[in-house]
1. So, of the residues in the stretch B:133-183 that are among the acidic types (Asp, Glu) and over 19 Å from B:Thr196 (Cα atoms), which turns out to be modelled with the lowest pLDDT?
2. Within the stretch B:72-83, restricting attention to residues that are within 7 Å of chain A (Cβ to nearest Cβ) and not polar (S, T, N, Q), which residue is farthest from B:Val198 (Cα to Cα)?
3. What is the one condition in (1) surrounded by fewer than 20 Cβ atoms within 10 Å (Cβ to Cβ); (2) closer than 22 Å to B:Ile91 by Cα that B:Glu318 does not satisfy?
4. Would you mention how many residues in the stretch A:206-235 are within 14 Å of chain B (Cβ to nearest Cβ) and at pLDDT 90 or above?
5. Return the residues of the stretch A:76-123 that are among the polar types (S, T, N, Q) and surrounded by 23 or more Cβ atoms within 10 Å (Cβ to Cβ); say none if nothing qualifies.
6. Taking only pairs six or more apart or across chains, which ones have beta-carbon atoms under 9 Å, a first residue in the stretch A:253-268 that is more than 8 Å from every other protein chain (Cβ to nearest Cβ) and in contact (Cβ under 8 Å) with a residue 12 or more places away in the chain, and a second residue that is small (Gly, Ala, Ser) and buried (at least 18 other Cβ atoms within 10 Å of the Cβ)?
7. Residues that are closer than 30 Å to A:Gly163 by Cβ: list the helices (runs of 4 or more DSSP H) wholly contained in the stretch A:219-312 that include at least 3 such residues.
8. So B:Asp86 passes all but one of these: (1) within 14 Å of chain A (Cβ to nearest Cβ); (2) in a helix (DSSP H, G or I). Which condition number does it fail?
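The values are calculated or read from the model by the stated rules, or taken from the named source; none is laboratory data. Quantities reported herein were computed from a predicted structural model and do not represent experimental measurements. Cβ placement follows ideal geometry from the backbone for every residue including glycine, while neighbour counts extend to all protein chains displayed.
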There are 2 protein chains.
Amino acid sequence: MDKPKAHKTALHEVDGIDQPESISKASIEHVTRLRKKQPTAQELVNGILNGDKTALSRAITLVESTNPSHLEKANDVINQCLPHADKSVRIGITGVPGVGKSTFIEAFGKHLTSLGRKVAVLAVDPSSSLSHGSILGDKTRMEELVKDENAYIRPSASGDTLGGVARKTREAIILCEACGFDTIIIETVGVGQSETAVHSMVDFFLLLKIAGAGDELQGIKRGIMEMADLIVINKADGDNIKKAKLAKTEFNRALHLFPPKNSGWQPKVTTCSAITHDGVADVWETINEYLKLTQENGFFGFRRSEQNSYWLTETINEQLKNNFYTREDIAALLEQNKKAVQNNELSPFAAAQVLLEKYFK
Amino acid sequence: MDKPKAHKTALHEVDGIDQPESISKASIEHVTRLRKKQPTAQELVNGILNGDKTALSRAITLVESTNPSHLEKANDVINQCLPHADKSVRIGITGVPGVGKSTFIEAFGKHLTSLGRKVAVLAVDPSSSLSHGSILGDKTRMEELVKDENAYIRPSASGDTLGGVARKTREAIILCEACGFDTIIIETVGVGQSETAVHSMVDFFLLLKIAGAGDELQGIKRGIMEMADLIVINKADGDNIKKAKLAKTEFNRALHLFPPKNSGWQPKVTTCSAITHDGVADVWETINEYLKLTQENGFFGFRRSEQNSYWLTETINEQLKNNFYTREDIAALLEQNKKAVQNNELSPFAAAQVLLEKYFK
């Protein structure tokens, strides 16, 4: 920005009449220079390790950048933060829109900070780049928590693919942990494959539900209930308390339909009100029971190690596919072959072989 | 084979003493020459289209071959058969060992052939290369069906990966259909990821269960119950009838926990005895109800088209991974990087990047 833009305001209605510059060129240049000064990787790492939330935010922005030239610096920051990470509880929270995720996380987060914990709230929402942030986008929805010194709230990274968004969130966890946050909450919206991604980066998975009019068990996405270590029936207040208790019984019965978990943990169901705060403390106690069990039986460390391997492989596989499907000649031939397959002129396997031969040549 | 092998028999116990040749060299050469004469692709296709089961078996063997030189011929046969395929009902059947899959398929298959249908039974069992065919390996387990002129039974292809086994089975379906089989049954053992693969190649998915002692709903693998279009409680005979009816009620309740299917079909539960044949005809009637519904609402064709795209993409993705992970220098570096990731010295993403840079260079 070399000179101030001519803003369209009520003071500037008449075209053809020049307005005096209201901001001096010198001060604009000064501000621009300050803004452009990017901290080095080392400065970011130092800031993060000192618990500086501004440095944390900038590092996460760096990690989220799609500019290839930022990749090396981002990896440098992450690798320097790694030895200081891994010392937290990572909790995944999901639930369909309307279930009260934000109010629950606010009440839960405040409870945790009141116990002296440092809470970071991240989100995985691949739709946010289209909807401009459907979850956590509006920070004012957690207005108490956002003001809390011991809390850090970050909206979902944007991105075209779930894999990309999830990868960035997984890296943000490392940065938050290195910054001293000992409780990481990953929020996701319960309408898609993002739960699987979140499940693969957390220690504990919490499914938020509300009691409805007899349809408590409707609309549960494939596999999500099976992932849950805890189902919390939210909005259990006022006239809803009775319904919530009924729902609890139904969910408890449903949970017993699933095979035992590798963690040795029997998933639980509790009720909770983010308004009256009834049951909020119980959620944290349940998580602590889970941590005690899985740290004693070794599942906690085993799972984290498995998750690391999973993310290594996932990243590789995603890039391999990306390299293939974005090549222009391949994309054109793929379209053509897909049509031949649809018309039963070519088997899917023969079509694949033709494409692979072209690719590897 | 240039000369007969010295077999280790009771007649050949003493080492050092040569045995006279009991088969003349000339006749061995004659047999070998006959054996080696491989039919051309065109001969195989003609045989298949004429309903010749021997040609079908040879073509499936060709498709299953891991010899790269067979690939082109196999693709030729499949592509010539394609226009004659796609006109069948494809039924997936799963259930844990002991549930009576073979006896059920025998009774069900015989019922179908008695109605004038032609039934092919294939299997997807990636473990069979280790266990030497745990399902369908012993054809005598379906001794009635195997003798039936209108039935064709083929054990699982062997292979190291589920993807490979599934791909071969998917191609065998095409060959069976071109050979005039109008009902394809794909059997799989209910202990792993193979159900997902089978689900992606069939029109209708049937889960076989038995009534136990109150533990009807235990041991159900993730997602398998959600895939089922029909749960059949087998061995509902004698003292078991009451238990089976109870189990039916429990399963019916459990099925209602899942969200409605895209097919518009509400999954059903029936009881059946492969011994008394009670309920076997009902299974086929239920499948017909399903076919009527999904052919009317267009889901049937939509699903097959989706499955074709799925297999095209799956084959590509599998080959891309295969090419990466089998490269020796990559495999060595991967081992090294995995260790660094486990020790928190390297993030999974940085480790992946190092590997990808090496690969694409």
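1. B:Asp138
2. It comes out as B:Pro83.
3. Just one mismatch for B:Glu318, condition (2).
4. Total meeting the criteria: 3.
5. First pass over the stretch A:76-123, keeping only residues among the polar types (S, T, N, Q): A:79-80, A:88, A:94, A:102-103, A:113-114.
Listed by number, the list holds a single entry, A:Thr94.
6. Short answer, once both residue conditions are applied: A:Leu255/A:Ala228; A:Pro267/A:Ala228.
7. Numbers: elements: A:224-227, A:240-255, A:280-296.
The helices (runs of 4 or more DSSP H) meeting that bar are A:224-227, A:280-296.
8. (2)
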